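*Asks:* To start, I am sharing the structure in question, which I have written as structure tokens.
The values are calculated or read from the model by the stated rules, or taken from the named source; none is laboratory data. Since the model is a prediction, treat every value here as computed from it, not as a measurement. We place every Cβ from the backbone using ideal geometry, glycine too, and count neighbours over all the protein chains shown.
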Amino acid sequence: MSQQGMLYGGDEIGALVFDPGHHSLRVGYAQEDTPKAEIPAVVGVAPDDSQKMEPEVKVEGSNITQSPSAWKYYIDTTYLHTPRPNMELHSYMKDGMIENWDLFEKVLDYSYEKIIQSESEYHPVLFSESPWNQRQKREKLTELMFEKYKVPAFFLVKNAALAAFANGRSTALVIDSGAIHTSAVPVLDGYVISNAVVKAPLGGDYLILRSREMLESLGVDLTPTPLIANKEIVRDKEKPKYTKKNLSFNPANSWMVYMVKKTVQDFQHSVLQVSETPYDERIAAGVPTVHYEFPTGYHQDFGPERFKLAEGLFDHAMLGAGYLAATSAGMCDVDVRPALYSSVVLTGGNSLVQGFSERLSKDLSSRTPGSMRLKMIAANGTVERRFGAWVGGSILASIGTFQQMWISMQEYQESGKAQIDRKCP
């Protein structure tokens, strides 16, 4: 077993950390403080026309169009943002879990080839997963990593536990506000208390939807950057003057939806803000406005709307982040609650909306029993917040004591994929 030392304990070979989400897949080396790449969680699929050009393929037979190799896959921002004829965009995630395994494999292939640029059999792999991931999906991922990618070792950890580690806690109440939902997950000594997990379907996508409705009602043209050839400078609130790119085809609907979403997302990052107290038109009107220019060149100031939109994450009595946190803590054992309330960890890209953590802190303290000490932990850096689970995985996979936890290839060959539930609770 002389290899063991080389594979796990050694510094020469870095473990890899994969953190899949609905917005993107974060991938990189353990021990680093940021992921090497963030790959959008959608894949462009288009018919591959190049095959018809090659004469030797034609001889093979006429049913080329039906063969699976006649599809071309486009992965990562640069390729996705270029309009192509008949390119449809598909997500491989559903409800926080991997749904379309074929597309997911394409993204993994891309990660190893273009980002890691190294063979998969040299690197142990740590994957994050959602707290409600299903057993058969965990087994399928284990099988995929050992059988197809021949990884030397593998491990699965709940993303909430990783986000807690990233903030230096093994016990915490993790509030994760991501693309499709916001969840409250209690973590005790590094393990998720799964029967106290609470989630609500309000996340970044919900905000994008509301922002888009508002912008469209104002008559703002949301044509995305890749379709604009050039634009002129116009005055505030004036109709934009721009030339559209001359394309010989109409981009697929799924591509347009995705690109408009990206445009709105940028608007959201720059403009939206959560007010510290429940939304009040008078107070909001007194706050300075924010100026924003759209890809078409149209620009204007945004005032109270900024707060009104962001309020959507908090104003639902049963779905607001504060309510989720209090409910989740209330479902845990009485002895555990003080420890949870004293380290409430905030993570997820959606939590970066300005003022989110201050408002959550206020909301939560109004629901916290007076005897409890409430402490909110929200990393200041955008990286730590957006990639909380990834950063936690990077820390965990590089700790010496963790090295004996991996499921090794040998263990997998001896006892199969079913042991994932025992080894990675």
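*Asks:* Which residues, taken from segment 19-51, are in contact (Cβ under 8 Å) with a residue 40 or more places away in the chain and among the hydroxyl-bearing types (Ser, Thr, Tyr)?
*Replies:* The answer is Tyr29, Thr34.
*Asks:* On to the next question. With (1) farther than 21 Å from Pro186 by Cβ; (2) at pLDDT 95 or above; (3) surrounded by fewer than 19 Cβ atoms within 10 Å (Cβ to Cβ) as the list, and Gln354 as the residue in question, which single condition is left unmet?
*Replies:* Against the list (1) farther than 21 Å from Pro186 by Cβ; (2) at pLDDT 95 or above; (3) surrounded by fewer than 19 Cβ atoms within 10 Å (Cβ to Cβ), Gln354 comes up short only on (2).
*Asks:* Please determine whether any residue of segment 367-384 is surrounded by 17 or more Cβ atoms within 10 Å (Cβ to Cβ), within 19 Å of Ser128 (Cβ to Cβ), at pLDDT 95 or above and in contact with an Asp or Glu (Cβ under 9 Å, 6 or more places away or on another chain).
*Replies:* No, segment 367-384 contains no residue that is surrounded by 17 or more Cβ atoms within 10 Å (Cβ to Cβ), within 19 Å of Ser128 (Cβ to Cβ), at pLDDT 95 or above and in contact with an Asp or Glu (Cβ under 9 Å, 6 or more places away or on another chain).
*Asks:* Restricting segment 142-158 to residues that are assigned to a helix (DSSP H, G or I) and surrounded by fewer than 23 Cβ atoms within 10 Å (Cβ to Cβ), which is nearest to the chain's Cα centre (by Cα)? Break it down stepwise before answering.
*Replies:* In the first step, residues of segment 142-158 are kept if they are assigned to a helix (DSSP H, G or I); the result is 142-148.
Restricting the remaining residues to those that are surrounded by fewer than 23 Cβ atoms within 10 Å (Cβ to Cβ) gives 143-144, 146-148.
Working: Glu143: 23, Leu144: 21, Phe146: 24, Glu147: 26, Lys148: 25 Å.
Of everything passing the filter in segment 142-158, Leu144 is nearest to the chain's Cα centre (by Cα).
*Asks:* State yes or no: is Val174 in contact with a Leu (Cβ under 9 Å, 6 or more places away or on another chain) and assigned by TED's automatic domain parsing to the domain that holds Leu25?
*Replies:* No, not satisfied.
*Asks:* I'd like the full set of residues that are part of a strand (DSSP E or B) and either more than 17 Å from Ala329 (Cα to Cα) or of a type in the set (Ser, Thr, Tyr) (or both), limited to segment 159-214.
*Replies:* The answer is Ser177, Thr182, Ser183, Tyr191.
*Asks:* Looking at (1) outside any helix (DSSP H, G or I); (2) not assigned by TED's automatic domain parsing to the domain that holds Val336, which one does Lys261 not meet, given that it meets all the others?
*Replies:* (1)
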